[in-house]
Every structure is written in C-alpha cells, then in structure tokens.
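Enquirer: My questions all concern the structure below.
The values are calculated or read from the model by the stated rules, or taken from the named source; none is laboratory data. In this text, all values refer to a predicted model and were calculated from it rather than measured experimentally. Virtual Cβ from ideal backbone geometry, glycine too; neighbours counted across all protein chains shown.
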Amino acid sequence: MKTTNPIAALFGHSPFKPVQQHMHLVLDCVSEVPRLFDALIAGDEAALTQAKEAIFAKEQTADDLENQLRVHLPRGLFMAVDRRDLLELLEMQDSMADTAQDIAGLLLERRMEVEADMAEPLREFVARCVETARQAGGIVDELDELLETGFRGREASRVEEMANALNQIEDETDRLGMNLARQLFANEDRMKPVSVMFWYQIFQWIGDIADYAEKVGDRLRLMIAR
Amino acid sequence: MEIISEWGTVLLVLAILFGAYMTWGIGANDVANAMGTSVGSGAITVKQAILIAAIFEFAGAFIAGGNVTKTIRKGIIDPAPLVHNPELLIYGMLAALLAAAIWLMIASARGWPVSTTHSIVGALVGFAVAGIGMDAVNWGKIGQVVASWVVSPVLGGLIALLLMVSIRKLIFDTDNPFHKAKAWGPVYVFLVGWIVSLVTLFKGLHHLHLALSTGESFAVATAIGLVVAFIGKAMIARVQVDEQADRDFHFASVEKVFTPMMVFTACAMAFAHGSNDVANGIGPLAAIVSIIQSGGEVAQKSALPLWILVLGGAGIVVGLATLGYRVMQTIGHKITELTPTRGYCATLAAATTVVLASKTGLPVSTTHIAVGAVIGVGLARGVGALDGRVIGNIVVSWLVTLPAGGILAAVFFFMLKGIFG
C-alpha cells in the first residue's frame, strides 16, 4: 500500500547543511593557495603543479555541490531565509574558490619570478587572506545554530560580532595588499614590465579572496537583520 | 417499519461490519499522520509509536470520542423528513460508511493523502441531498464543521508558534541552555498532561455519566499534569551533556533533553486522534443501532451505547497493528529538519487543537491540523525549508474527497434502497 504522508512530504530539502558543506569545500580549495605560493617562492615545479591540480579538483567538487543545491531549491519552498540571500551567499562562497583557481591557472601558464624582498610580505598577505576566508567559514558554520534560535537573541549577536571581527581582518589584508603593491612599484624599473602587470593582477586576486569572504559575512548579517 | 422488523438483524450485522471496516481503515491509514511528527523527529521508533498509539488511541476513543460521535450520528442529518421512513436513514448511514471506507481504500492504494473526516462528512451530505432532499441536511451544523476545517489548522499553527517562541526565550536564548532545558522541561511536560486532561474533562463526560464542575475539572487536570510531570522529570534527569555533539552543534544536548518529552506529546496526539476520528467509523453505526433497537425511531434520543465506543477503539487498534506498521514506515526515515524541540511544539499544538475540537463535537482533519502546526513552527523561522506544494495537495484533496464521498454514498444509497425496498 503506497501512501504519501503529508507530514513527510511537507519537509523540503533544507539548504542549510549543503551550504555549510559547500563552504567547507571552498575552504579546502582556498587553503591550498599558501602551498602554491610556497612552491613558487622555493622554485619547486613539481609542488607547484601538485598544488594547482589540487585547487582545480576542489573547485570542481564545490561547483558540483553548488549545482545540486540550486536544483533542490524550487519556487514552492518556504525557507527560513530569503531564497535570494541564500543564493547570493552561495555565489560569494563560489567566487572565493573561482579566484583561487584563477591564481593557480595563471601561475602555471606564465613563469612568475618572485623578487627576494617581496617573498615575505607576499607570504604574509596570502596567509592573512586565507585567514579571512577561514573566519567567514566559522560564521557560515553558525547557520544551524542561527536556525535553532530563530535568527535572534544571543546567537545572532554572537554572529554579528564574528562579522565585525571579519571586517577588521579584511581591513588588515587591504593594508598588506597596498604595502605589497608599493613595493612592487618601487621595484618596477628592475623588473620586466609585463611581469609587473601580472604581479599586480595576482595581488588583486589574492585580495579578492578576502573581499569575497567579507561579503559572506555581510550576507549573513542580512539574514539576521530580517 | 416492516422493513426494520424484517431485515433488522441483517442491517445491524452489515452496520457493524462496515463500521468495523471503517475504523480499521482509520487505524491503518490515519495513525501515520498523527504519529508522523513524533516518529519523524527520531524521538520514538515505529514500534514504540505503534504501542503508544494502541493504548492511547483506544483511550481517546473511549474517553473523549463521545461528542464527535454525537455530531456524526445525529448532528448532520435532520431527522424530521425521515420520521415516516426510518429505513432510509439506515440505508443512508450504511451507504456513507461503505462509501467512505471504499474511498479510503482507493486513495490509499493510489498514494493520495485522504482525510477520513472529509470522506464521511461528504458521504453523509451526499446521500442526504441525493436520496432525500436539501432539507434533510442540517446546513447550520455543516457550516460550523466546514468553518472548523479552515480554523483548526490555523489555530494549530498559532499554538505551535507560541510554544516555539516560548522555548526560544526560556531555553535557547540564555547563558546555559542545557540547564535551562532541564529546569523548564518538566514544566513543558506538565503542560502536555494538563492541557489534554483539562480540555477533555472540562465540565465532565456526558456519555460516560461522569459529572465534574469547573473547579473539579481543573483539580483533576492539575493532578494528572503533576503526575505526568514527575515521570517526565525522572526521564529528563537521566539525560547527560554530550560534549562531542555539542562541539558540532551547540544545542545538541538541549535537543537530547526534549527527546523523552516527545514521548508524552506522542501519547497526547494518539489520544487526540482517537477522540476525533473514531466517530468517523462508529457515528453512523450508532445511528443505525439506535433506530433498529427503538423499532424505527429516528430522533436518536438514546444515549450512546458503550460497546460501540469499545468496538471503534478496538477497530483502530487492530488497523494500526496490522497495516499501520507498514504505513508508518513511509515516515520512518528520520526527518532531520524535525528536531525534538520543534516536534514537541508541533505535536502538542496539534493535539491540543484536535482535543479542543473533539470536546466541542466538531469532526476535524487531524492531518491538516498537524500540517498547520508544522507550518506554524516554520513561520517562527524554525525549519530550514517547507514544501509549499503540500498545501496545494491538501486543497485538492478537499475538492476531490468531498464530492467523491458524496457521489459514492448516493450510489450505494440507491442500491441499498433497491435491495431492501
């Protein structure tokens, strides 16, 4: 005897767990970027290729999950958060992985040489940006707690504080990025002009990872504000 | 009148058979919807649900099923046009029972969600209008019943929302949610016992000849509530903090506290369902028995015989024990969205609403109320995603079940009239 149970049918696929899973995948991907630059600075071809492969593979996995999630968000679903907010959050998360992919792609297409005095600042810059991404990941992890408390009260305040901290870290990465650019322009007469342009592009991209991470925090602020 | 003296026994046997078949169908089919929130939240297993349902469905039917049975038996059909032809009422009641039971069978086999209440009410109106005339139906009562079909899910949702908000304020939004949960838990368990008892016993139980004043009702209800709360407190005290789970999801231990509490709401829901839906099977049966035993009097002045209530309760239990097990497997998979706190709110809200309807003698759809209660929790932003298309399905079932029951009942009515004269 087949029976559709209205209670069971009432529950749609909740998007929260998949969104958190997606964020974990994105963080996995972005965490490979420091390794990428370490290999570049050390001049290790094999390690560089390995890191690039890892980033590409993880970005693909994240994309697959994102597509699956979109398929399970039909218009008939009533959700605790606005559908558009959730989809934009997903987009921001995805952009972080995409940017990591762009960086990895470029580093392998063109032989980029790191000037000696730029190595350490570069390492620090990358580390800080990945840190920003991790902080954003921590906020996304709070989604199920937010749901439990109805996006109000202490939990909401806690998440707001985390978003504030995220903003501060992102400000730092802005400073680090600008310092690095200043150093680049100080060196520009020594370096090949084309290299200078592409290094500038790479700094932009690394900074973008932190920017998107900040946007993730902003999206979550919006969900609470509702 | 001769028809009754000639065919009385046959008609009585048919009535008992059809009535038993209907209550069996109610047990097999409806119970899954009533116990759905409890099983879906993972608080009780399907086996435990069957056991709870067996005990409390019977209790609900026997203790609190009297008023709704009265409505189905004599509230919907106006006996005045039938005074000289009492056998028509017998045919009609038989036809209604058969129609509703067969519709239940067809819809279940096809996997369509069906409301047994809508089936029987549609069937009764159907045979009355087709077989006798528009004035055979008590349209005022029907108006009340239909209004209750619209109001009850909304009420269920509202109560669920209020419960959810209270749990958030008192437990979740505090410094130490786990301790607050352990402190307030027994109060919430008290609430379950108190509300269900109070609504059921308020001013006594007419069909069981139990008279209680308002004050006595409150006293008994409070006593029952306290007993239940004590048991609940003992169960809650055994819950330990799960540090590992808490790291993953901060409120995991709080949810663990609410898990034993859901056992009580499951009992309440089974009780409520039995109290309201048993009438769908035995209401018509009671009407037929009354006419035959009084030798043709349609006015239905006699009291409800207790053996009919027992038959109804037993039918439901047999139904859920035989087929209900399989049906409940369809909600057997744990609905991860339905945590114990939300399951508690939805189930208690639904049980309260249904028991209130039973007390006021209004036949309602327990399924629709349960859906309304879950939506209420969702409105409190407590559920990740609710599929709004289910509401569409429910509206469609309204539009299909009512006429289907009515047409089938009319057909059977004329068949019976042809057979027995």
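Enquirer: Could you check, for segment B:255-265, whether at least one of its residues is outside any helix (DSSP H, G or I) and of a type in the set (Lys, Arg)?
Expert: no
Enquirer: Can you work out which of the residues in segment A:119-136 that are small (Gly, Ala, Ser) and buried (at least 21 other Cβ atoms within 10 Å of the Cβ) is nearest to the other protein chains (Cβ to nearest Cβ)?
Expert: So the residue we want is A:Ala136.
Enquirer: Taking the options B:Ala32, B:Ala53, name whichever one is touching a Ser or Thr at 6+ places or on another chain (Cβ under 7 Å) and either within 22 Å of B:Val371 (Cα to Cα) or modelled with pLDDT under 90 (or both).
Expert: Matching residue, one of B:Ala32, B:Ala53: B:Ala32.
Enquirer: To continue, here is another question. Enumerate the helices (runs of 4 or more DSSP H) found wholly within segment B:303-421, keeping only those where 3 or more residues are within 11 Å of chain A (Cβ to nearest Cβ).
Expert: Counting at least 3 such residues, we get B:325-329, B:340-359, B:366-379, B:389-420.
Enquirer: Is it fair to say A:Ile169 is within 16 Å of the chain's Cα centre (by Cα), in contact (Cβ under 8 Å) with a residue 24 or more places away in the chain, under 19 Å from A:Val26 (Cβ atoms) and more than 14 Å from chain B (Cβ to nearest Cβ)?
Expert: yes
Enquirer: Would you say B:Val189 is surrounded by 15 or more Cβ atoms within 10 Å (Cβ to Cβ) and under 30 Å from A:Asp144 (Cβ atoms)?
Expert: Answer is yes for this residue.
Enquirer: Being out of contact with any Cys (no Cβ under 6 Å at 6 or more places or on another chain) and either at positive phi or touching a residue at least 40 places away in the same chain (Cβ under 8 Å) (or both) narrows it down to one residue among A:Glu148, A:Glu160; which is it?
Expert: A:Glu160
Enquirer: For segment B:1-100, which fully contained helices (runs of 4 or more DSSP H) count at least 1 residues that are within 14 Å of another protein chain (Cβ to nearest Cβ)?
Expert: Once the helices (runs of 4 or more DSSP H) in segment B:1-100 are filtered for at least 1 residues that are within 14 Å of another protein chain (Cβ to nearest Cβ), what remains is B:2-40, B:46-64.
Enquirer: How about segment A:1-54: which of its residues are among the aromatic types (Phe, Trp, Tyr) and either away from chain B (no Cβ under 14 Å) or outside any helix (DSSP H, G or I) (or both)?
Expert: Within segment A:1-54, A:Phe11, A:Phe37 meet the criteria.
Enquirer: Let me spell it out: the conditions are (1) within 30 Å of B:Arg247 (Cα to Cα); (2) touching a residue at least 40 places away in the same chain (Cβ under 8 Å); (3) part of a helix (DSSP H, G or I), and A:Gly177 meets all of them except one. Which number is the exception?
Expert: All conditions are met except number (1).
Enquirer: Please pick out the residue among A:Arg154, A:Arg175, A:Arg182, A:Arg158 that is within 18 Å of A:Val130 (Cβ to Cβ) and surrounded by fewer than 17 Cβ atoms within 10 Å (Cβ to Cβ).
Expert: A:Arg175
Enquirer: Cβ-Cβ distance below 7 Å, separation of 6 or more or different chains: which pairs start in segment B:32-59 with a residue that is at positive phi and end on one that is outside any helix (DSSP H, G or I)?
Expert: Filtered contacts from segment B:32-59: B:Gly42/B:Lys334.
Enquirer: Can we say B:Phe264 is touching a helix residue (DSSP H, G or I) at 6+ places or on another chain (Cβ under 6 Å) and within 22 Å of B:Leu356 (Cβ to Cβ)?
Expert: yes
Enquirer: Determine the pairs where a residue that is surrounded by 24 or more Cβ atoms within 10 Å (Cβ to Cβ), located within segment B:77-104, has a partner that is among the charged types (D, E, K, R) with Cβ atoms under 8 Å apart, the partner being 6 or more residues away or on another chain.
Expert: Close Cβ pairs (under 8 Å, with a partner that is among the charged types (D, E, K, R)) amount to B:Tyr91/B:Lys417.
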